[in-house]
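Quick notes on the structure that follows.
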Amino acid sequence: QGRRTGSESIAAARTYLVAEFERLKMAPVFPGYAQRFDVSTKLRDGTDFSAEGFNLVAKVNGTGATDGSPRPALVISAHYDHEGVRGGQIYNGADDNASGVGALLAIAESYQNKRPAHDTFFVLFDAEELGLLGAQYFVSEIAGLGSSCVALNLNMDMVSRNNENELYMAGSYHAPQLKPLINEVAAKAPVKLLQGHDRPEDGPQDWTLQSDHGPFQRAGIPFVYFGVEDHPHYHKPSDDFDTVPLDFYVRAIETIEMTARHLDRDLGKFSGR
């Protein structure tokens with residue numbers, strides 16, 4: 001039913017995702033993994049909308065030694081809400097953004113076999129489609145994460161559809177120290193990894209504030225954003241699982257995981273520590 005914020009369908013999705021976090025033995029940051037927040041906004045047609053929102057937050061502890069002082073951490077994120085039912089049609093959002101959620105779970109599973117050096121938070125945001133509301137709330141409460149100091153956000157939103165084998169990484173315009181790292185990944189990646197869509201001159205194609213990495217950027221936390229360019233299924237009822245090119249999706253996930261591990265290796269460069 002499209003995972004609209006506040007609906008029974010997103011509650012069902014949340015139950016499934018919590019079970020996945022538990023299966024992966026990821027540590028909850030909040031009771032039951034859920035970070036509750038109030039949603040109050042206006043919809044595109046101008047009507048008022050209110051509901052409860054729930055981010056899902058889990059943590060994988062890094063292997064690096066600590067003396068108890070704040071240490072740099074990585075936030076890997078994706079939003080799990082979508083458009084719901086509109087005009088009697090279900091918007092399933094396979095690419096937007098079940099693909100990002102699936103990639104996040106795949107990376108989390110790989111971390112069970114080889115843990116990162118730095119603490120890593122895996123965050124599934126609610127209410128992205130309503131204006132990045134879940135991410136805004138998470139960033140506003142980021143001090144509550146305890147001894148971890150968030151150095152960087154890796155965000156994924158629409159990573160499964162491209163007929164040219166192209167995946168974009170945005171963020172290096174704002175954090176130039178990312179460029180050599182991303183170039184290193186691109187040289188080995190199983191997709192064509194491109195950098196862009198993050199400059200003011202890109203106009204409507206500047207993705208800097210267009211997904212959940214935006215509130216991190218506004219708070220002065222660098223981001224790496226992965227996504228594909230818009231396609232005919234974007235925000236359409238046709239964005240269904242059976243139209244996703246799975247071979248590209250698997251290669252995209254492999255590329256993003258590779259990037260996550262490179263970022264973990266060099267995370268100190270982004271924290272000033």
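The values are calculated or read from the model by the stated rules, or taken from the named source; none is laboratory data. This structure is a prediction, so every number in the text was calculated from the model and none was measured. Reconstructed Cβ throughout: ideal geometry from the backbone, glycine too, with neighbour counts over all protein chains shown. Quick note on the areas: whole protein, heavy atoms, side chains included, nothing else; ligands and nucleic acids left out. Shrake-Rupley method; radii C 1.70, N 1.55, O 1.52, S 1.80 Å.
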Self-check item: Computed log₁₀ I(q)/I(0) - Debye formula, equal Cα scatterers, no solvent, the stretch 128-273, q 0.14, 0.15 Å⁻¹
Solution: -0.70, -0.80
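What's the local net charge at residue 213, with K and R +1, D and E -1, over the other residues with C-beta under 11 Å away? Working shown, then result.
Numbers: positive: 218; negative: 128, 157, 198, 212.
Spelling it out: positives minus negatives among the neighbours equals -3.
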Quiz item: Per Stokes-Einstein, at 37 °C and 0.692 mPa s, what whole-number D in µm² s⁻¹ belongs to the stretch 194-273, with the Kirkwood radius over Cα pairs as the hydrodynamic radius?
Solution: 218 µm²/s
Exercise. Using per-residue counts of other Cβ atoms within 10 Å, averaged over each peptide, order 20-31, 198-209 from highest down.
Key: 20-31, 198-209
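Explain nothing, just the number: relative contact order of the stretch 86-236, from Cα pairs under 8 Å at least 6 residues apart, as a whole percent.
This gives 32 percent for the stretch 86-236.
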Quiz item: Got a sec? Which residues in the stretch 191-214 would a label at residue 110 touch, if it sits 7 Å along Cα→Cβ and we count backbone N under 16 Å?
Solution: 191-193
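Assuming R0 = 35 Å, what is the FRET efficiency of residue 194 and residue 47, from their Cβ-Cβ distance, to the nearest 0.05?
Values: r = 39 Å, r/R0 = 1.10.
Working from the Cβ atoms, E equals 0.35.
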Quiz prompt | Residues of type lysines that residue 236 reaches as a straight line, Cα spacing below 23 Å, ignoring anything fewer than 8 places off in the same chain | solution = 42
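Would you mind telling me the share, in percent, of accessible area of the stretch 135-246 contributed by carbon and sulfur at probe 1.4 angstrom?
Details: 2470 of 4910 Å².
Carbon with sulfur: 50 percent of the solvent-accessible area.
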Quiz item: Which ³J(HN,Hα) values, rounded to whole Hz and listed in residue order, are derived for the stretch 11-18 from phi using the Karplus coefficients 6.51, -1.76 and 1.60 in 6.51 cos²θ - 1.76 cosθ + 1.60 with θ = phi - 60°, glycine and proline given as x?
Solution: 5, 5, 4, 5, 4, 4, 5, 4
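Relative to the compact-globule scaling 2.2 N^0.38 Å, provide the ratio for the alpha-carbon radius of gyration of the stretch 1-48.
Numbers: Rg = 13.8 Å, N = 48, 2.2 N^0.38 = 9.6 Å.
Dividing the Cα radius of gyration by 2.2 N^0.38 Å gives 1.44.
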Quiz item: How far is it, in nm, from the label point at residue 61 to the one at residue 219 when both lie 7 Å from their Cα along the line to the Cβ?
Solution: 2.3 nm
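Can you tell me the FRET efficiency between residue 265 and residue 166 if r is taken as the Cβ-Cβ distance and R0 is 22 Å, rounded to the nearest 0.05? Provide the component values of the computation, followed by the final result.
Values: r = 25 Å, r/R0 = 1.14.
The formula returns an efficiency of 0.30 here.
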Exercise. Could you check which residue among 175, 252, 98 shows the biggest mean-square fluctuation in a GNM of the chain with a 10 Å Cα cutoff?
Key: 175
Quiz item: Okay, helix-only estimate at 222 nm for the chain: each DSSP H run of n ≥ 4 adds -39500 (n - 2.57), divide by all residues, round to 500 deg cm²/dmol; what do you get?
Solution: -8500 deg cm²/dmol
Exercise. Write down the Kirkwood hydrodynamic radius of the stretch 1-139, to one decimal in angstroms, obtained as one divided by the mean of 1/r over all alpha carbon pairs.
Key: 15.8 Å
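What is the local net charge at residue 229, summed over the other residues whose Cβ is closer than 10 Å to its Cβ (Lys, Arg +1; Asp, Glu -1)?
Numbers: positive: 161; negative: 164, 166, 230.
After counting each charged neighbour, the total is -2.
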Quiz prompt | Charge sum, other residues only, whose C-beta stays under 11 Å from residue 152's C-beta, Lys/Arg counted +1 and Asp/Glu -1 | solution = -1
Exercise. Rank-order 260-267, 79-86 by packing density, defined as the average count of other C-beta atoms within 10 Å over each peptide's residues, highest first.
Key: 79-86, 260-267
Self-check item: Other-chain or far-sequence residues with amide H under 5 Å of residue 169's (modelled H)
Solution: 194, 195, 196
